[in-house]
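The values are calculated or read from the model by the stated rules, or taken from the named source; none is laboratory data. Source: prediction; values computed, not measured. Note that each Cβ is placed from the backbone with ideal geometry, even for glycine, and that neighbours are counted across all protein chains shown.
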Amino acid sequence: MNSKSKIAIFLIGCLLICGGTALFLKPNPWEVWFKNKLNKPAREFVVRYLKEIPKPNAPQNNALDLGAGVGHELLLLLKAGYQVTAIDNQKVAFDLMLKRPEFADYTKNIKTVVSDFEKIDFSVLPTFNVVVASFTLAFCRPDHFNEFWGKIVSKIEKGGYFIGNTFDPGFTTFKESDRENMTFHTKEQTLRLFSDFEIITFNEVKTPDAKSGTSDHYYEVFAKKL
């Protein structure tokens, strides 16, 4: 093998090593996403509606946070006195959340579950006095949504509360490839989901983005189970 061939092989090897190292060191996109969310406030409608719920007066009061992320709404539930089951399909969200100093005094009151919505084992979960699903319900696949929703409803105590929202089909921020795995509800379909509830507050929110041509279109729901 002549010197030119050896140099070529050496350079190819360096490129492969550098490329592999770059790939290995590429940050988890979900970690980047959640780190950007760390300093965001809790959703205003969740803050508002939680204030309208009587404070729990017993240690067995349980809350469920679906799609808990890095814990903005979860922290509100903990401060209100609930034992909280937090579910998210990204472990990195909980890793970041539990490093937040605000959670130091509450870790014993949190149960984290890493799972897609379609795979949640509801049989091992307690019943809940409050369920929060802030900008998350739509991320259950359409072919699983009805079963998923039925299990949520069955786990809410009589007199318990739901705070969350659904996405209208006009919520066009998402790419078509993402929308295929999401579940959207019209106003009428959203209202039908709450046939077993007294709807306390129902708000339609539509915020068009003229620049991008997309629109955030969703329904906020605060309801009490009958």
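For this structure, a couple of remarks:
- The set of residues from the range 154-175 being outside any strand (DSSP E or B), touching a strand residue (DSSP E or B) at 6+ places or on another chain (Cβ under 6 Å) and at pLDDT 95 or above comprises LYS155, ASP168.
- Hey, LYS155 without any contact (Cβ under 8 Å) to a residue 40 or more places away in the chain, surrounded by 14 or more Cβ atoms within 10 Å (Cβ to Cβ), in the same structural domain as GLY71 (by TED's automatic domain parsing) and not acidic (Asp, Glu) or not: no
- Some residue of the range 184-192 being in contact with a helix residue (DSSP H, G or I) (Cβ under 9 Å, 6 or more places away or on another chain) and at pLDDT 95 or above: yes
- Count of the range 134-149 residues which are among the aliphatic types (A, V, I, L, M) and part of a loop (DSSP other than H, G, I, E, B): 0
- Conditions (1) farther than 24 Å from ALA138 by Cα; (2) within 21 Å of the chain's Cα centre (by Cα); (3) modelled with pLDDT of 95 or more; number of the one not met by THR107: (3)
- Only one of the listed residues (ASP216, ASP196) is of a type in the set (D, E, K, R), farther than 30 Å from GLY159 by Cβ and surrounded by 11 or more Cβ atoms within 10 Å (Cβ to Cβ). That residue is ASP216.
- Of the residues making up the range 70-90, those that are outside any strand (DSSP E or B), buried (at least 24 other Cβ atoms within 10 Å of the Cβ) and touching a helix residue (DSSP H, G or I) at 6+ places or on another chain (Cβ under 7 Å) are VAL70, GLY71, GLU73.
- Residue match in the range 194-204 (condition: within 26 Å of LEU64 (Cβ to Cβ), of a type in the set (A, V, I, L, M), at pLDDT 95 or above and under 20 Å from the mean Cα position of the chain (by Cα)): no
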